[in-house]
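The values are calculated or read from the model by the stated rules, or taken from the named source; none is laboratory data. Predicted model, so just to flag it, every value in this text is computed and none were measured. A quick note on method: Cβ atoms are made from the backbone with ideal geometry, for glycine too, and the neighbour counts reach across all protein chains shown. For accessibility, only protein heavy atoms count, side chains too; no ligands or nucleic acids. Shrake-Rupley method; radii C 1.70, N 1.55, O 1.52, S 1.80 Å.
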Amino acid sequence: MGRLRLRRWAWLVITIFLFLFLFLFLAACGGHKPPGISPFPAKITLNPNPSYSLQLGSTLVLTASAQNGSGSNIRSTFTYAISPSSPAGVLDIAPSGFACAGTWNAPAYTICTPANTGVVQVTASALGATSAPTYIFVHAPIDNIQVSVVPPVNSPPPACPNQQALPPACNLPFNGNASNYCLSQNQVQTLQATAYSGGVDITGQVGPFTWTQASPSVAKITPFVTVTPYNVPTNQATASPTTPGQTQVIASASGVYSQPYNFETCPVQCIALELSVNGQYTDQTSFIANKGTTETIAATAVDVQGCIVPKPPLTWVSSQPAVISVGGGTTGPGSGSATCADETTCSVSTSQPGASAITASCTPPTCNIGFPLNLANLSAPYIPQPVYPVTAISGLVTGAPTSTGVLATSQDCYSDELCAVALYNVSTSTNLPGSATELPTPPNSLMFDAAGSEVFMGSEFGAFAINPSSFGGSTSPFTPLPAPGTTLGLVTGKVLAVSPSGALALFSDTVSIPNQVYVVTSSPQSTTALNINSATAAAISPDGLETLILGNGGNTLYAYSNLQYLQTVQPNPLLTPAKSIAFNSTGSFALLSGGSPAGSLAIYDTCDNSLVIPYLSALGIPTPPLFLKMVPAGNVALGSEIVPIPLQTAGLDFFFGVDNTGIDIIATTSSQPLLTALCPQPIALAQTTAKTPFAPVHININQGTFQPINFFLSPNATQAYIVTTNQGVLVYDFDTSSVSRIQLLNDATPIAADMTVDGTLIYVAGSDGLLHQLNTVLGVDLYQTSFVPLPDSSNNFCFTGSNCDLNIVVVKP
């Protein structure tokens, strides 16, 4: 038994010996415990810093943090101290850092009794480290703060720096009084905040003032900082203009805010566009180019004081981006347009044959910021408004036609939710229908955006956006458009209008009660419902700012913008029912067919929706046009029916319309506002014929009475194609004043039609169920596409449900 105990003790001694040996051996070989984080502070930060303002009797919680020599945050116990050089009886600090603008009831530290005013220097310390001081200003209670301008504003009127010669379109007599309240880019204004207590100016007792503005991009606010003795912001700040517009500037201290001061960077009043070659302006506003090339367009923006704005945030738009696209930048406000890289020039690319108008506008909310804010102390002419160039750039693109696609479907199931409808995507190069795609709901309309990237489908059972490039792929081409305020409901109705690249689309529901118009935006995605009854037509301005909608069966004109509430445009009701509406090339005004006292035409200015009364007399049009199409002057080849007009005439646009006897031509010209006016933009009718100067002209094509369902123009507007239900497709040649006809094979009646952007092909849905390809160069019905019955159906366009006929055709731009 004793031997056993001896052995156990021996093993214990051996184990301890081995443990000590290994420990000493590893230590000798360099093994060691890693050092811990240093607990000693090297830097103390006191918050707030560098200064703070306290009213008598108010409290403030001081906080501190510590970092060691390696920059790691560490825990420490802090001591808060007031500098001995600071005046006594001004500030009292509890050990926890709870500060009183007066004296505490120590040791409870619950009641703060006001005492003296003055500036106190406070620090926080821990283990030998001390923070930078914070200056606390203790002062009497502030009743109010007033903001004023320290006179004078430097260099009024402005001496515009590096001012080049103004382009002719903007060489206007600007209003010299604008400098009384707005600043051009080279001017600086000093603002001063004054604090009052009981009517006494106590600004000298108050610490730093904080400056804020409602729209940070309008001005750059830079507070003045004193060098001695406190090195903190003062009650003054400089305000430098940046982006044209107006904003409210507020000064605050000790939780008290001033009344807003209205600061304005002088708004843009004039924009001139011209082609640029090798960096040189050319005064040219139109070009003809082959596809695959680029052109450079220069924009000059001038403010209300006559100074050139160096980098105005202009919104660049192409009316046919599939033909001519604006390059660079990001999407603009609501229209899918682009803001080109350096704001004053834009490189445009010619993609395929066709015509387009390119414009650049100063559009809120990114330019002339503050619209439609109406401040009582500012005169009306200088309230920031959208500004449009006098003349858009007209571009004609030539070259070989580009293959595209044609969407064909049926609207015969628009009232049957259980009907499954097929959509075909037909290639213009092969005229083969491809496989049928089942639509998620029965459609009542289809409309492409001008870029051809998206098509919108209207339906009484749910509208969708369709991506044509996803047909036949693994990703669904259909994106539902949700109704506002619901999780499952969808937008319903017929699509009336789509902005150039599809960022904005309008749908009119005339079936549901109450009738509504849905405004759908894609970036960010949102839907707004408008209480408009029986909407029949709509148009969206090129920049996407304004949408005009014909409601109540064409008897009421509405204006809608995401910056303003829905407005009823006067007169209401219209004196005659309106038929259609179209904006001019720049977007500065819209031409309304019908609705005017003369019964034919009316013109509305975009900036204020005002009716331009002087242009409604002695119109030479017998009845309001059923359709309207705008063509900028540079894309019109003037022929025998139109007296040659100098194409450099500022603001010249042509509107072409069709009624049931012929073609209407309305030429308009616009100019920049003069003197004090930013809005409205002056508009006049231009000369169209020698016999009827300064009046529209009606061309009776002598084909009797026909029933048009659509009409198209060639890219250079030398030929008009009128698709009728009783005479096929009528072709009018403006050069020869002659009329020809393209008759559909099988004597089929046109049901629906659309045209390629290059003007070479018209696709017509015929009463024979075939899709007819009309070649405008040859003047014949060249190909006819047939559609085979669908699986388990005897119909070509209905998988299930009632009989469906081909009656919706849209061509991808």
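Details
- Single unsatisfied condition, residue 726 versus (1) assigned to a loop (DSSP other than H, G, I, E, B); (2) within 20 Å of residue 811 (Cα to Cα): (2)
- Residue check, residue 238 open to solvent by less than 40 Å² (accessible area, probe 1.4 Å) and not in a strand (DSSP E or B): no
- One residue from 481, 504, 496 being among the hydrophobic types (A, V, I, L, M, F, W, C) and within 20 Å of residue 417 (Cα to Cα): 481
- Exactly one residue out of 501, 526, 508 is of a type in the set (Ser, Thr, Tyr), surrounded by fewer than 19 Cβ atoms within 10 Å (Cβ to Cβ), touching a residue at least 24 places away in the same chain (Cβ under 8 Å) and under 30 Å from residue 607 (Cα atoms): that is 526.
- Some residue of region 191-201 being at pLDDT below 90 and in a strand (DSSP E or B): no
- Test result for residue 53, closer than 27 Å to residue 198 by Cβ and within 49 Å of the chain's Cα centre (by Cα): yes
- Within region 710-738, the set of residues being under 29 Å from residue 669 (Cα atoms) and surrounded by fewer than 17 Cβ atoms within 10 Å (Cβ to Cβ) comprises 733, 735, 736, 737, 738.
- The residues of region 75-106 that are open to solvent by 30 Å² or more (accessible area, probe 1.4 Å) and of a type in the set (Val, Ile, Thr), listed by number, are 77, 79, 82, 103.
- Restricting region 107-127 to residues that are over 17 Å from residue 85 (Cα atoms) and in contact (Cβ under 8 Å) with a residue 40 or more places away in the chain, the residue that is most open to solvent (accessible area, probe 1.4 Å) is 127.
- Which numbered condition residue 265 misses (of (1) out of contact with any helix residue (DSSP H, G or I) (no Cβ under 7 Å at 6 or more places or on another chain); (2) within 22 Å of residue 632 (Cβ to Cβ); (3) buried (at least 17 other Cβ atoms within 10 Å of the Cβ)): (2)
- Residue in region 213-232 that is open to solvent by less than 10 Å² (accessible area, probe 1.4 Å) and free of Cβ contacts under 8 Å to residues at least 60 places away in the same chain present: yes
- Scope region 528-546; condition more than 13 Å from residue 508 (Cα to Cα), in a strand (DSSP E or B) and in contact with a Phe, Trp or Tyr (Cβ under 7 Å, 6 or more places away or on another chain); matching residues: none
- Boolean, residue 313 is open to solvent by 20 Å² or more (accessible area, probe 1.4 Å), at pLDDT below 85 and of a type outside the set (S, T, N, Q): no
- Scanning region 83-109 for residues that are modelled with pLDDT under 95 and either of a type in the set (Val, Ile, Thr) or in contact with a helix residue (DSSP H, G or I) (Cβ under 7 Å, 6 or more places away or on another chain) (or both) yields a total of 0.
Let's see how each residue does on (1) at pLDDT 85 or above; (2) open to solvent by 40 Å² or more (accessible area, probe 1.4 Å); (3) over 24 Å from residue 717 (Cβ atoms):
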position: 590; (1), (2), (3): yes, no, no
position: 602; (1), (2), (3): yes, no, no
position: 618; (1), (2), (3): no, yes, yes
position: 630; (1), (2), (3): yes, yes, no
